[in-house]
Amino acid sequence: MEITANTPAVVTGGASGLGEATARALAAKSAKVAIFDLQEEKGMKVAEEIGGIFCEVNVTSDDSVEAGFARAREAHGQERILVNCAGVGNAMKTVSRSKEDGSIRRFPSQAFDWVVQINLVGSFRCISYFAEGLLAADPLPGGESSQPGGGRGCEQRGVIINTASVAAEDGQIGQAAYSASKGGVLAMTLPIARDLMNEGVRVNTILPGIFETPLLRGLPQPAQDALAAAVPFPKRLGRPDEYAQLALAMIENDYWNGEDVRLDGALRMGPR
């Protein structure tokens, strides 16, 4: 899919980190970007700098997501690109024993559910609202047809990029909730691509490794250095713009569909 001037796009989690880098990369291609995020101050600043709009959106709420898409469409028209970057994480063993008194602590179900609701269900919620709008839209001019001779409902309409994590495949100690949520994102990629194949909507997922996000930049420098040293090559943290480059490649390559791609410098995570 060619990203032309004023192509409407939505980036969830676009106020910072991987989402911000992707929003900026899309805007550099002249796309009109709507940022969905809860960080109003940061989101407004990024939106102003890239000529887009900010929509305060909570991906765990149908009403909030629906309102966000309505505002984005009012400003830019029917979006053709969705990049899901909104996400959270936590770290806690399923059960653990205190070193002080030997007491046993269980990972609260509410904490597990919170991560799954944002990372997995939130991603699907945004996908479903995005796809609903696309199905009512005309195909893109000059787009691919999914069957000989083409026909309405077969030409390309849009592209979805999801964000999972290498933890979906090799989650570490304490990452049960995070790995489950990201594993779900990975697992739903192909079924959704098949669901939408006759509507001309492609779906791909990126599995980032250890990236320079605001969360990691908050760690002490020795901790950042140790994480970087664990990457086979190049021995450094990933840069958000490298994620954005892959997202744009997936958007622009019309034969890239139903795929999950690791972006990790050949990193394979150990147990801890």
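Every number here is computed from the coordinates shown, using simple stated rules; none is lab data. Here the structure is a predicted model, which is why all the values come from computation and not from measurement. Methodologically, a virtual Cβ is constructed for each residue, glycine included, from the backbone with ideal geometry; neighbour enumeration extends over all protein chains shown.
Using Cα centres only, tell me the gap between region 198-242 and region 1-50 in whole Å. For region 198-242 versus region 1-50, the Cα centre distance is 19 Å.
Diffusion coefficient of region 8-263 by Stokes-Einstein, Kirkwood radius over Cα pairs, 37 °C, 0.692 mPa s: 173 µm²/s.
Looking at the calculated P(r) for region 82-228, what percent of the C-alpha pair distances fall above 24 Å? So the pairs more than 24 Å apart make up 47 percent of the total in region 82-228.
Other residues whose C-beta falls under 13 angstrom from the C-beta of GLU212 contribute a net charge of -1, scoring Lys and Arg +1 and Asp and Glu -1.
Here the chain carries DSSP beta bridges of which approximately 15% are antiparallel, counting only pairs with both residues inside. Determine the relative contact order of region 8-263: mean sequence separation of Cα pairs under 8 Å and six or more apart, normalised by residue count, in whole percent. Dividing the mean separation by the residue count of region 8-263 yields 19 percent. Across region 178-264, the mean sequence separation of Cα contacts (distance under 8 Å, 6 or more residues apart), normalised by length, yields a relative contact order of 43 percent.
Taking 0.36 nm per residue of sequence separation and removing the Cα-Cα distance, the THR4/SER128 pair yields an extension gain of 42.2 nm. Cross-link reach is defined here as a Cα-Cα straight distance under 19 Å, omitting same-chain residues fewer than 8 places apart; for LYS32 the lysines meeting it are LYS42, LYS45.
Relative to the 2.2 N^0.38 Å rule of thumb, region 219-272 has a C-alpha radius of gyration ratio of 1.39.
Here ALA28 and SER109 are evaluated by their C-beta separation; at R0 = 35 Å the FRET efficiency comes out at 0.25.
At 0.36 nm per residue, minus the direct Cα-Cα distance, what do LEU190 and VAL95 gain on full extension? Give it in nm, one decimal, please. Contour length minus Cα-Cα distance gives 30.9 nm.
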